[in-house]
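Asker: One structure coming up, written as structure tokens, with questions to follow.
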Amino acid sequence: WDSLPVQVGDTAPGFALPDQAGTTVTLDGLATNGPVMVLFWRHFGCGCGADRAARLRDELADYRSTGASVVIIGQGLPVQAAAYAEEQDLDLPILTDEDRSTYRTYGLLDALLPQVVFDAPQWLWSYSRETAQRFIEERRVGGRRLVNNPWLLPGEFVIDADGTLKLTYRYQHCEDFPDPRILITAVTEHAA
């Protein structure tokens, strides 16, 4: 970072982003119903993201039972988010941040090579980022969905109804999923 990213206790950066139907959704609008869980996806073609989507389907009822609104923010366009929602059977708003400005305001950065290719063949580990980029391109040819920025790391944030950040969870690698109990505790700690 070139400056300290937002932290627990800070006011969450607002956003107004299109969802998978093209309707603009704002943080303020989501927060009128209570706390908000904002899950930033790495990209819509990420295998780690598909694993997180499967976990999210299993966890979603628990999150909603706390009164939280849950929203995903991904790169790209609404049409990509709509296809992803259908493919992953996700019944929640998926917002799109085409220029990744919201990712930046929440302190989400591009990964270093080891944070993305740690599960790639070992021969790739000692090569440059350009070699890793070629590897990613080869995976696309093999059927992986086209993505916008394959280096972006995800994060998950819990925001109180008053707009205060209650949890800032920035992934250290693409499979660094938070324990759902941490998210639920962050949502419910202020509800008492």
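Asker: Can you find, within segment 1-24, the residue that is nearest to D91 (Cα to Cα) among those that are open to solvent by 60 Å² or more (accessible area, probe 1.4 Å) and not in a loop (DSSP other than H, G, I, E, B)?
Answerer: Going through the qualifying residues, I end up with T24.
Asker: A further question on this structure: Go through segment 81-125 and give me each residue that's closer than 26 Å to V6 by Cβ, modelled with pLDDT under 95, open to solvent by 50 Å² or more (accessible area, probe 1.4 Å) and not basic (K, R).
Answerer: E98, D99, L109, D110, L112, P114
Asker: Those residues that are surrounded by 13 or more Cβ atoms within 10 Å (Cβ to Cβ) and either at pLDDT 95 or above or part of a loop (DSSP other than H, G, I, E, B) (or both), I need them from segment 126-148; list them, please.
Answerer: Matches in segment 126-148: Y127, R144, R145, V147, N148.
Asker: Moving on. Identify the residue in segment 172-192 that is in contact with a helix residue (DSSP H, G or I) (Cβ under 8 Å, 6 or more places away or on another chain) and not in a helix (DSSP H, G or I) and, among all such residues, is most open to solvent (accessible area, probe 1.4 Å). Outline the logic, then answer.
Answerer: Taking segment 172-192 first, the residues in contact with a helix residue (DSSP H, G or I) (Cβ under 8 Å, 6 or more places away or on another chain) are 172-175, 177, 180, 183-184, 187.
Subsequent filtering for residues that are not in a helix (DSSP H, G or I) retains 172-175, 177.
On the way: Q172: 115, H173: 62, C174: 6, E175: 74, F177: 47 Å².
Checked segment 172-192; the qualifying residue most open to solvent (accessible area, probe 1.4 Å) is Q172.
Asker: Let me ask another. Among (1) open to solvent by less than 20 Å² (accessible area, probe 1.4 Å); (2) over 26 Å from W151 (Cα atoms), where does S69 come up short?
Answerer: Single failed check for S69: (1).
Asker: Now a separate question. Which one of the conditions (1) open to solvent by 70 Å² or more (accessible area, probe 1.4 Å); (2) in contact (Cβ under 8 Å) with a residue 40 or more places away in the chain does Q75 fail to meet, given that it meets all the rest?
Answerer: (1)
Asker: What residue, among those in segment 25-64 that are open to solvent by less than 40 Å² (accessible area, probe 1.4 Å) and assigned to a loop (DSSP other than H, G, I, E, B), is farthest from L165 (Cα to Cα)?
Answerer: Per the criteria, the residue is G45.
The values are calculated or read from the model by the stated rules, or taken from the named source; none is laboratory data. Given the structure is predicted, the values throughout are model-derived calculations rather than measurements. As a convention, Cβ positions derive from the backbone with ideal geometry for all residues, glycine included, and neighbour counts pool all protein chains shown. Side chains are part of the model used for accessible areas, which takes the heavy atoms of the whole protein and leaves out ligands, DNA and RNA. Shrake-Rupley method; radii C 1.70, N 1.55, O 1.52, S 1.80 Å.
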